[in-house]
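Take a look at the structure below.
The values are calculated or read from the model by the stated rules, or taken from the named source; none is laboratory data. Keep in mind that this is a model prediction, so the values were computed, not measured. All Cβ positions, glycine included, derive from the backbone under ideal geometry; neighbour counts span all protein chains shown. With ligands, DNA and RNA removed, areas are computed over all heavy atoms of the protein, side chains included. Shrake-Rupley method; radii C 1.70, N 1.55, O 1.52, S 1.80 Å.
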Amino acid sequence: LTTHRLLTIVGTGAIGKTRAAIRAAECHAQSTGMPLAFIDLSPLVSQAHVASTVARSLGAPADTTDTTRAILQRLAGRDVLLLIDNCEHMLDSLALLITDLLGVLPGLRILATSREPIRIEGEHVERLSPLAVPGPDCAGLAEAMASPAVELLVERAKAVGARAFEDSDGALLAAIARQVGGIPLAIEPVAGHLGGRP
């Protein structure tokens with residue numbers, strides 16, 4: 001965010017894009033003092049409502065004949081970081097809006113999350129991959145714990161009261177991590193079930 005005005009975090013659903021983006025935005029805001037605005041596009045069903053949703057989130061008039069102009073007036077002369085979440089289904093309208101905003105507002109930075117890149121000039125893409133999982137031949141706990149997916153699974157399970165895991169649990173934990181594909185937000189509910197076992 002310090003070197004790119006448009007950064008898009010890209011990854012599959014439930015990979016943790018929003019959580020990573022919020023943390024990155026908070027750290028950037030703390031280190032720079034730059035105000036942060038959060039815009040969630042997930043409820044939208046029409047490309048026509050992208051600009052009005054952004055405007056409302058910024059406190060700009062959303063029902064004017066030129067919503068982009070209203071946004072520009074609201075942000076003029078300010079250093080602001082916009083975190084735009086869940087962009088994948090609104091890329092066409094969003095690309096046009098972001099291009100217009102970045103072209104006129106030198107103090108604007110945008111952090112977006114999407115299942116695919118926005119594909120406009122100046123965009124920097126950071127791809128989030130699933131956590132690595134153990135291979136199918138994994139048997140022991142130590143070997144399983146070398147995998148970030150199993151490490152997270154065990155950490156979360158212990159946090160909700162799971163008993164200590166034994167070496168013989170390694171194969172089962174590895175299989176669970178593989179079954180959920182190493183996706184962090186899929187690991188957490190499974191860990192909750194493990195926390196309730198005797």
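Computed values, structure above
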| item | result |
| --- | --- |
| Whole-percent carbon and sulfur share, accessible surface of the chain, 1.4 Å | 54 percent |
| Chain lengthening between Cys27 and Arg119 when straightened (0.36 nm per residue, less Cα-Cα) | 30.6 nm |
| Orientation-averaged projected area, Cα convex hull of the stretch 12-84 (nm²) | 5.6 nm² |
| Residue-level accessible surface for Asp100, protein heavy atoms, 1.4 Å, Å² | 80 Å² |
| Test item: Cα-centred dipole of the chain, Lys/Arg +1 and Asp/Glu -1 on Cβ, debye | 400 debye |
| Sequence-distant residues sharing a close amide H with Val80 (under 5 Å, placed H) | Leu108, Arg109 |
| Under-5 Å amide H pairs with Ile9, H placed in peptide plane, nonlocal only | Ala112, Thr113, Ser114, Glu126 |
| Order of exposure, largest accessible area first, which applies to Val154, Val45, Val125, Val104 with probe 1.4 Å | Val45, Val104, Val125, Val154 |
| Value of [θ]222 nm, deg cm²/dmol, for the chain, DSSP H segments ≥ 4, -39500 (n - 2.57) each, nearest 500 | -13500 deg cm²/dmol |
| Phi-based couplings in Hz for the stretch 77-82 (Karplus 6.51, -1.76, 1.60; Gly and Pro marked x) | x, 10, 9, 9, 10, 9 |
| Solvent-accessible heavy-atom area per residue, rounded to whole Å², over the stretch 141-187 at 1.4 Å | 48 Å² |
| At least 15 Å along the helix axis (C-alpha) and Kyte average at least 1.6, DSSP helices within the chain | 91-104 |
| Relative contact order of the stretch 25-133, defined on C-alpha pairs under 8 angstrom at six or more residues apart (%) | 26 percent |
| Cα convex hull of the stretch 42-198 - mean projected area over all directions, nm² | 12.2 nm² |
| Kirkwood-Stokes translational diffusion coefficient of the stretch 101-146, alpha-carbon pairs, 20 °C, 1.002 mPa s, µm²/s | 146 µm²/s |
